[in-house]
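First comes the structure, then the notes that go with it.
The values are calculated or read from the model by the stated rules, or taken from the named source; none is laboratory data. Quantities reported herein were computed from a predicted structural model and do not represent experimental measurements. Here the Cβ positions follow ideal geometry from the backbone for every residue, glycine too, while neighbour counts run over all protein chains shown. Ligands, DNA and RNA are excluded from the accessible area calculation, which covers all protein heavy atoms including side chains. Shrake-Rupley method; radii C 1.70, N 1.55, O 1.52, S 1.80 Å.
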Amino acid sequence: MTVLESTLPHPKTPEEALSLLLDGNRRYTHNAPHLDESPERRAEVARGQHPYAMILGCVDSRVPPELVFDSGLGELFVVRTAGHVLDHAVLGSLEFGVEALKIPLLVVLGHDRCGAVKSTLEALEKHMHAHEDIDWLVEHIKPAFEVSQHEQNLLDATIKAHVQITVHELQQTPILREAVQQGKLKIVGAFYNLDSGKVKLL
């Protein structure tokens, strides 16, 4: 059987991957999508995956990374948790993306009106404990609140601080840190606006 040449993007550097990702967001916001979910693309990626970017994002149903970045099958390696909170499964998944798949870009994607962050603020301001494992999320978002509590727009400030703290934490993990130091990986924070659909780097 003849193997067709891949039509998937293959950026050579983290910077090229970031440019490709942001181009997709521009298409999305200008209603000019070209994401490929065709049977042909499905057959192509079934032979192997070579995503060009990892997205660590929130579980919010309004922020699906594949649509936000106008990316088709096989292009993005996506991990999502409430408030993009880290745990061992998330870290292991991202480390796999770097070690096994050689993905050159990791974007931590926050968004406005994040329910997980909003719930955290409410719990902290009322000195209440959230139920069960939700309280675990609160404790991991709490540092962002502590550095943002005097900001005028507390919610947005906390969301953006949480993104930046998450980026810093990822940069300290041995596998990701080594890849960054070798120029094989770039880790950036970004903020998605629900109304405009635009993604801005932080």
For segment 92-114, give me each residue that is touching a helix residue (DSSP H, G or I) at 6+ places or on another chain (Cβ under 8 Å), of a type outside the set (D, E) and surrounded by fewer than 21 Cβ atoms within 10 Å (Cβ to Cβ). R113
Being at pLDDT 95 or above and acidic (D, E) is true for just one of D87, D133. Which residue is that? D87
Quick one: would you say E169 is in contact with a helix residue (DSSP H, G or I) (Cβ under 6 Å, 6 or more places away or on another chain), charged (D, E, K, R) and in contact (Cβ under 8 Å) with a residue 60 or more places away in the chain? no
Quick test of your reading of the structure: E40 fulfils all but one of (1) assigned to a helix (DSSP H, G or I); (2) open to solvent by 90 Å² or more (accessible area, probe 1.4 Å); (3) modelled with pLDDT of 90 or more. Name the failing condition by number. (3)
Just one of the numbered conditions (1) open to solvent by 10 Å² or more (accessible area, probe 1.4 Å); (2) farther than 27 Å from H140 by Cα; (3) out of contact with any strand residue (DSSP E or B) (no Cβ under 9 Å at 6 or more places or on another chain); (4) in a loop (DSSP other than H, G, I, E, B) is not true of D70; which one? (1)
Between residues in segment 28-44 that are farther than 15 Å from P64 by Cα and residues that are open to solvent by 50 Å² or more (accessible area, probe 1.4 Å) and not in a loop (DSSP other than H, G, I, E, B), which pairs lie under 8 Å by C-beta distance while being six or more apart or on different chains? H34/R27
Residues within segment 90-114 that are closer than 28 Å to S196 by Cβ and either at pLDDT below 95 or among the charged types (D, E, K, R) (or both), tallied: 2
Out of all the residues in segment 172-182, is one or more at pLDDT 95 or above, outside any helix (DSSP H, G or I) and more than 16 Å from the chain's Cα centre (by Cα)? yes
Please tell me if V85 is closer than 21 Å to P11 by Cβ and touching a helix residue (DSSP H, G or I) at 6+ places or on another chain (Cβ under 7 Å). no
For segment 43-65, name all the residues that are assigned to a loop (DSSP other than H, G, I, E, B) and out of contact with any His (no Cβ under 9 Å at 6 or more places or on another chain). R47, G48, Q49, P51, S61, P64
Checking the condition surrounded by fewer than 17 Cβ atoms within 10 Å (Cβ to Cβ), in a helix (DSSP H, G or I) and either in contact (Cβ under 8 Å) with a residue 24 or more places away in the chain or β-branched (V, I, T) (or both), which residue from V117, V163, V147 passes? V147
Total residues in segment 183-195, condition within 15 Å of L109 (Cβ to Cβ), open to solvent by 40 Å² or more (accessible area, probe 1.4 Å) and either outside any strand (DSSP E or B) or of a type in the set (F, W, Y) (or both): 1
